[in-house]
Amino acid sequence: MEKLIPDEMRALCRVEDVPDGQGKGFPAVPGGFTGIFAVRQGDVVRVWVNSCPHVGTPLDWTPDRFMSRDGQHIICATHGALFSTETGECTLGPCRGDFLDPVVTEIRDGVIYVPQDAGL
Ligand code: FES
């Protein structure tokens, strides 16, 4: 029997709503910048809190711009820190060795689910 999505999870979007190799932000409030963001690489989607561990600013300088030019890292627009798309660890920049806050995700039938309070 297939596991049901717990009540404490909410649907974020469909996997295909996040362009492959890029990110998509989900502001906590309409028009805001903070919240959470998803990065997709093929079938793998990871979700993070949109707050840089350096000084806490959102990572994107324009909506949905979370990836470095080469598409290999998450980048913070404020001071250019680079983060692993797999672990969220800062590998280059002023917060080297710190981590983005991961958001628990579950993908079911092509839909990404996150905790109700994620990024709020
Ligand atoms: S705020 Fe992100 S690198 Fe400084």
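Please state the charge dipole magnitude for the chain, taken about the Cα centre, from unit charges on C-beta atoms (+1 on K and R, -1 on D and E), reported in debye and rounded to the nearest 20.
Dipole of the chain, to the nearest 20 debye: 280 debye.
Counting pairs of Cα atoms in region 57-120, how many percent are more than 17 Å apart?
49 percent
Just want the answer: with Cβ charges of +1 for Lys and Arg and -1 for Asp and Glu, which residue in Cys13, Gly88, His73 is farthest toward the dipole's positive end in the chain?
About the Cα centre, the residue reaching furthest to the positive side is His73.
7 Å from Cα along Cα→Cβ at both Ala77 and Cys13: what's the point-to-point distance in nm?
In this crude label model, Ala77 to Cys13 measures out at 1.5 nm.
Jot down the per residue volume, in cubic angstrom and as a whole number, of the convex hull over the alpha-carbon atoms of region 9-115.
Considering the Cα atoms of region 9-115, their hull volume per residue is 90 Å³.
For Phe26, Phe66, which order do you get if you count the other beta carbons within 10 Å of each Cβ and list the fewest first?
Phe26, Phe66
Neighbour counts of other C-beta atoms within 10 Å: give me His79, His73, His54 arranged from fewest to most.
The most exposed by this proxy come first: His79, His54, His73.
Every number here is computed from the coordinates shown, using simple stated rules; none is lab data. As the structure is a computational prediction, the values presented were derived from the model and not from experiment. A quick note on method: Cβ atoms are made from the backbone with ideal geometry, for glycine too, and the neighbour counts reach across all protein chains shown.
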